[in-house]
Each structure stands twice: as structure tokens, then as C-alpha cells.
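Visitor: Handing you a structure now.
The values are calculated or read from the model by the stated rules, or taken from the named source; none is laboratory data. Because the structure is a prediction, the values reported are computed rather than measured. Cβ coordinates were reconstructed from backbone atoms using ideal geometry, including for glycine residues, and neighbour counts include every protein chain displayed. Side chains are part of the model used for accessible areas, which takes the heavy atoms of the whole protein and leaves out ligands, DNA and RNA. Shrake-Rupley method; radii C 1.70, N 1.55, O 1.52, S 1.80 Å.
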Amino acid sequence: MKLILSLAISILALSAQGLDPAAASKPATDTWATYNGDYSGRRHSPLKQINTSNVAAITLGWVFQTHTGTIKSTPLLVNGILYFTVPDHVWAVDARTGRQIWHYHYVSEGGDHIGNRGVGMYGNWLYFTTPDAHVVSLNAKDGTLRWKVELADVKLGYFATVAPLVIRNHVIVGVSGDVTDVPGFLESVDPETGQVQWRWNTQPKKGEPGSETWPKDSDAIEHGGGMTWITGSYDPELNLLYWGTGNPNPVLAGDGRPGDNLYTCTIAALNPDNGKLAWYFQPSPHDVHDWDAVQTPVLFDADFHGVKRKLLAQASRNGYFFVLDRATGKNLLTAPFIESNWSSGIDSIGRPIAKTEKYPTPDGALVEPASDGSTNWMAPSFDPDTGLFYVSARRIFSVFYKTATGKPEGWGGRDRNLWGNSVLQAIDYQTGKIRWSHELGDGEDIAGILTTAGGLLFTADNSQNLLALDAATGKTLWHLNAGAGMESSPMTYELGGKQYVLTAVQDSVYVWTLPATSN
């Protein structure tokens, strides 16, 4: 009897170390349960111990150095432990002190080490994707390997960067890869075994709905694209998963693939239990500029022009801000959030209308934004207190060329970026108007955004400064030169009555808090 009781207590204690399945449905406080903190993608925290009146007093709490790679992930925080990645590495670190608990090193067999966004968690198990396009599961207690499964064939040009999103017993993962002409997909794997539960192909097979938006000949119908680079969001009430997809291929030459090319450059709503498509909206039909629509679909419930709605907002790479009814996919608002010259207006269902003279040409077409887009993978944020959507934007041009590379004219292409500057835009979701702007300096800003109920917005600029701004006005309230750029997104948490703000700079994690006298 004592042995049975002891075993029962041990199992209960082990279970208590894991992630509560309900945590991702709640705003992040003592738990940061997903890449974006919770299922909504808002990256807004209700914490306010650090606020507009005292943020200037924050000081360094601790530093953790990985000594390998640039951190582009956002840590998960579960039961006082931070879990974060760089490609092929995972760490578990004490969130109060920065003490390493364990470190796991995975050795990829090839692939692209461009970055990794982080881990997902189910109970006591962690999941991450790899440069050689595998999904790996670890024991969160000690970092030991449980299993690894192939997500896609790295020899075909696939790799993976996405932070898995866990919904009940589904671990949702996506693929990356633009070098070769391979099709994208989103996949759900079983958290216990890694076996595939369902797969949604971002390019429909011949005869399936959406396949009519591609050429009918057998060669063209196999064109690829539509990669699922960035973690999506989820509405538990509607039981809908929202995910953005990447560009079609060949990316800069659309002659051989007339049509909208679904479901590339698309915001898709899927049933997470079976992968069935509920609705879609395409920000960039027939893209020829490399304008992925993988930017975070941000979910919030709010009044829109006098009607209470369940909303989805995205600031897309093509320079337009979209607000949709996330139950139906109906477009409610389309508005530019940065200057552009490629569109002549908006069509009847809310999509920008491309100017054909801005398609790539043999002599080159000058287009704003550039192929890197008016924004990219950097995390946006929505603050329900201000009613503003925040995005890191760029003013940037490209000259787009159409070339022939041993295939019919129009197959290939290349572009040359002409850099401008970056700016943080605060967008009124009701109108699409820019409420305020904060200049971030020359070049490409790639820091994400966090807002808090303390009235703060945390990010970084192009001069290697970490920033805390007034979320209502954009005024700088605190800054510190970190000596390197931030290529990830800030996060915050509260433990033992103390709020912490975490910023990853190059290969190091910096954690900030208030001195005891300022609490």
C-alpha cells in the first residue's frame, strides 16, 4: 500500500510540473504558454507592476548566454521555468535566477539554420522543429529525447522554423523553404507518438476546391509555395485555427501560373481536429513580389462600427492592414499602414488590386514595398486598453526583374532591395488610420512587440536600443543600448509577486525587473 501511495504521489508531482491545458486560453501572467503567450496572438499581458510611471527605474535582473547562434525564439514559461531555442538547441532555465537546468543539442543532417521560433508544450513534453525538417519531442523535466519524426524531406529543400502550437491533443507544425519549387503544408501530429493526425496542403491537389486557381496542365499544377513559417492563433469558442501561408513559386514570375494561386499568401481558418478548411482570405492574390501572408493573425473581441464581433487582424507583408470577421472570414476593413505604389485600389471583397505595370519586367520595375515587405515575421501586438494594433513597418523599395534561366521567359526572377527606414505604427483597428508613429531608424528593424496593461510597449530600434514606449502616445519612457540588435520578441511574466520583462539580444537573454524599493 505504501508503495502504491508513493507511486501515486510521484505521478501527481510529475503531472503538476507540466503545462495546464487551459493556460493557453488565458492571458499570460505566471505562464507564457505559446509562442505568442496565449492562443490569441495579441502578445498583450495584463501585468502592470512595471508601468508608465516606474519603467525608467527597471534594472537588470539576470543574463543567460547561450554562446551559440542568435536567439529568434520566444521562451515558454511553465511553473517557473523558461524553455527556449536556437536552431538545434533547447534550454531550460530558472526564470527567477537565470540558472541553467538542462540543455539539449540536436544535430541536424543538413537544412537551413536561418532561425527557430521556439517550443510547444503538452503536459510534461516539449516539441520543436529542426533545420532538417523534423519534429522532436523532449521530456521537459530533464531534456531527454522521447522521439523524433520526419516532417518533410530535407533533400527536397524543406526545413522548419516554426514554434509548434498545441491544441488539446494536436501538435500543429508547419514547414519552411523557398529555394526549391515544393508545396507547403500544415500538419497535426500526435503528442504521444508523433504520428500524423492530418495534413492540410496549402496548394490543392488537382480536382480539389481551389485547384482551379492554378493552371490546368499537369506540370504547372505541381508548382509549390505556400510555406507555413510562423505560428498561428486559435479561437477555442469557434474551435478554429488561423494560419498564414507564404508565396507561390516561382515567386517573381507569374506568367506560368495564371490565377489567384490558392492557398498561397492566404489567411486560412481550419478545424484543428481534422484540418478541414472553414474559410480563407487572400491578402495577395497571384503574388509576384514574395509577399508572404504568414504574419500573425491577431484575435480579439470588440465593437466594430457599432457591432460586437469576433475579429481577426493582420498587418500583411504587402503593406495593407486587414480586419476580418473570424467566424466567417468576411472582410471588414482594408487599409494601407505604410506607403506603397503597387496597388490601384481595393476589390469588392477587400483585396488590393495589383497594378500589372508593377510586375517584374526584364528592365526592372521599381516597387514599394520591397520583397522583404512592409513588415515580416516580427510579432505585432494588440492592446485592448488603447484599441491599437502595433506593427514594426518598413519604408523600402525593390527593383524587380523578370529573367529567363533555361526555361520559358517569365519563369525566373530576381530583385534588388533599396533600403529606406523602419517605423513602428500604431493602427486604429476601427478605421485603419495611423494613430501615432515612432521612427526606428535606417535599415530593417526585425524586433517584435509586447504590450502590457501597465500602458507600455516594449521593442527595439535599429540603433541597438531596447525601448519601452508609452503605448498610447509612442513616447520613449526607457531605453538602453544593448550593443547588438534584437531579432526576437519581448515577453513578460510574474513570479513571487515580481514582474519580469525578458528581451533576447543576439545570443543572450536579458531579464529586467524593478528594484525592491520601486515595486
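Visitor: Please compute one quarter of the surface area of the Cα convex hull for the stretch 98-255 and express it in square nanometres. The partial results should precede the final answer.
Guide: On the way: hull surface 44.0 nm².
Quarter of the Cα hull surface area: 11.0 nm².
Visitor: Right, something else. Please list, by residue number, everything in the stretch 313-333 whose backbone N is under 20 Å from a paramagnetic label point 7 Å out along Cα→Cβ of Thr431.
Guide: Within reach of a label on Thr431: 313-315, 320-324, 332-333.
Visitor: Can you find, among Pro258, Thr231, Pro209, the residue farthest towards the positive end of the dipole of the stretch 179-267? Put +1 on the C-beta of Lys and Arg, -1 on that of Asp and Glu.
Guide: Pro258
Visitor: What's the extension gain from Thr59 to Ser344 if we count 0.36 nm per residue and subtract their Cα-Cα distance? List each step's numbers first, then the result.
Guide: Numbers: separation 285, 0.36 × 285 = 102.60 nm, distance 4.92 nm.
Between Thr59 and Ser344, full extension yields an extra 97.7 nm.
Visitor: Pull out the extension gain between Asp442 and Asn421, defined as 0.36 nm times the separation in residues minus the alpha carbon to alpha carbon distance; nm, one decimal.
Guide: Working: separation 21, 0.36 × 21 = 7.56 nm, distance 0.40 nm.
Stretched out fully, the Asp442 to Asn421 stretch lengthens by 7.2 nm.
Visitor: Mind checking the dipole of the stretch 287-398: about its Cα centre, +1 per Lys or Arg Cβ, -1 per Asp or Glu Cβ, Debye to the nearest 20? Numbers along the way, then the final one.
Guide: Details: 11 positive and 14 negative charges, 61 e Å.
Dipole about the Cα centre, nearest 20: 300 debye.
Visitor: Calculate the spin-label point distance for Ala335 paired with Ala484, positioning each point 7 Å from the Cα along the beta-carbon direction, and give it in nanometres.
Guide: Here the modelled spin labels are 3.9 nm apart.
Visitor: When only the heavy atoms of the protein chains count and the probe is 1.4 Å, how do Arg395, Arg99 rank by accessible area, highest first? Mind showing how you got there, number by number?
Guide: Working: Arg395 60, Arg99 135 Å².
Descending accessible area places them as Arg99, Arg395.
Visitor: For the chain, give the magnitude of the charge dipole about the Cα centre (Cβ charges: +1 Lys/Arg, -1 Asp/Glu; no others), in debye to the nearest 20. Display every interim value, and only then the final one.
Guide: On the way: 39 positive and 52 negative charges, 208 e Å.
It works out to roughly 1000 debye.
Visitor: Something else: Determine the relative contact order of the stretch 130-226: mean sequence separation of Cα pairs under 8 Å and six or more apart, normalised by residue count, in whole percent.
Guide: Working: 176 pairs, mean separation 19.0, N = 97.
Reported relative contact order: 20 percent.
Visitor: At a Förster distance of 35 Å, what's the computed FRET efficiency of Val307 paired with Lys475, Cβ-Cβ distance as r, to 0.05?
Guide: Calculated transfer efficiency: 0.60.
Visitor: While we're here: Output the 0 to 90 degree angle, nearest 10, between the alpha-carbon long axis of helix 2-16 and the longest principal axis computed from the alpha carbons of the chain.
Guide: It is inclined by approximately 40 degrees.
Visitor: How are the alpha carbon pair distances in the stretch 170-219 distributed across 10 Å bins from zero to the largest one, expressed in percent?
Guide: Result, from short to long distances: 22, 40, 30, 8, 0 percent.
Visitor: Rank by packing, highest mean first: peptides 297-304, 242-249, 378-385, with packing defined as the count of other Cβ atoms within 10 Å averaged across residues.
Guide: Descending mean neighbour count gives 242-249, 378-385, 297-304.
Visitor: In addition: Starting at 0 and stepping by 10 Å, how many percent of the alpha carbon pairs of the stretch 117-165 end up in each bin?
Guide: Pair shares across the bins are 29, 52, 17, 2.
Visitor: From the square roots a ≥ b ≥ c of the eigenvalues of the alpha-carbon gyration tensor of the stretch 233-352, which class results: rounded (a/c under 1.5), prolate (a/b over b/c), or oblate? Write out the running numbers ahead of the final one.
Guide: Details: a/c = 2.22, a/b = 1.34, b/c = 1.66.
Since a/c reaches 1.5 but b/c is at least a/b, the shape of the stretch 233-352 is classed as oblate.
Visitor: At a Förster distance of 25 Å, what's the computed FRET efficiency of Leu495 paired with Asp385, Cβ-Cβ distance as r, to 0.05?
Guide: Working: r = 23 Å, r/R0 = 0.94.
Efficiency computed from Cβ-Cβ geometry: 0.60.
Visitor: Among Ile114, Ile449, Ala268, whose Cα lies farthest out toward the positive end of the dipole of the chain, if unit charges sit on the beta carbon of Lys, Arg (+1) and Asp, Glu (-1)?
Guide: Ile449
Visitor: Roughly how many nanometres apart are two label points built 7 Å out from the Cα toward the Cβ at Val196 and Asn79?
Guide: Between Val196 and Asn79, the simple spin-label model gives 3.4 nm.
Visitor: Okay, moving on. Tell me the label-point distance for the pair Asp255, Arg168, using the 7 Å Cα-to-Cβ offset, in nm and rounded to one decimal.
Guide: Simple spin-label model gives 4.9 nm for this pair.
Visitor: Cross-link partners among lysines for Lys402, C-alpha distance below 17 Å, same-chain residues fewer than 8 apart left out?
Guide: Answer for Lys402, where 17 Å is the Cα cut-off: Lys355, Lys358, listed by chain and number.
Visitor: Follow-up. Could you name the aspartates and glutamates whose alpha carbon sits less than 18 Å from that of Lys205, not counting residues in the same chain fewer than 8 places away?
Guide: Counting by Cα, and skipping residues close in sequence, Lys205 has these aspartates and glutamates nearby: Asp181, Glu187, Asp217, Asp219, Glu222, Asp260.
Visitor: Rounded if a/c is under 1.5, else prolate if a/b beats b/c, else oblate: with a ≥ b ≥ c from the C-alpha gyration tensor eigenvalues square-rooted, which is the stretch 239-299? Could the numbers behind the result be given before it?
Guide: Details: a/c = 3.02, a/b = 2.00, b/c = 1.51.
In terms of gyration-tensor shape, prolate.
Visitor: Counting only protein heavy atoms and a 1.4 Å probe, tell me what percentage of the stretch 37-81's accessible area is made up of carbon and sulfur.
Guide: Numbers: 730 of 1620 Å².
Ligands and nucleic acids excluded, carbon and sulfur give 45 percent.
Visitor: Among Lys148/Lys330; Lys141/Lys498; Lys26/Lys308, which pairs are too far apart, with a Cα-Cα distance over 28 Å?
Guide: Working: Lys148/Lys330 39 Å; Lys141/Lys498 24 Å; Lys26/Lys308 21 Å.
Check vs 28 Å cut-off fails for Lys148/Lys330.
Visitor: May I ask for the distance between the Cα centers of the stretch 266-282 and the stretch 44-123, given as a whole number of Å?
Guide: 30 Å
Visitor: First obtain the Kirkwood hydrodynamic radius of the chain from its Cα pairs, then insert it into the Stokes-Einstein equation at 4 °C and 1.567 mPa s, and state the resulting D in µm² per second as a whole number.
Guide: 56 µm²/s
Visitor: Taking 20 °C and 1.002 mPa s as the conditions, I'd like the Stokes-Einstein D for the stretch 418-480 in µm²/s, using the Kirkwood hydrodynamic radius from alpha carbon pairs.
Guide: Details: Rh = 12.2 Å.
After rounding, the answer is 176 µm²/s.
Visitor: Let me ask you something else. Find how much the distance from Thr361 to Lys155 grows on full extension, using 0.36 nm per residue of separation minus their present alpha carbon separation; answer in nm with one decimal. It would help to have the intermediate numbers written out before the result.
Guide: Working: separation 206, 0.36 × 206 = 74.16 nm, distance 3.17 nm.
Separation in residues times 0.36 nm, less the Cα-Cα distance, equals 71.0 nm.
Visitor: Below 8 Å, C-alpha to C-alpha, sequence gap of six or more: please give me the relative contact order for the stretch 10-166 in percent. Mind showing how you got there, number by number?
Guide: On the way: 337 pairs, mean separation 31.9, N = 157.
Once divided by the residue count of the stretch 10-166, the mean separation gives 20 percent.
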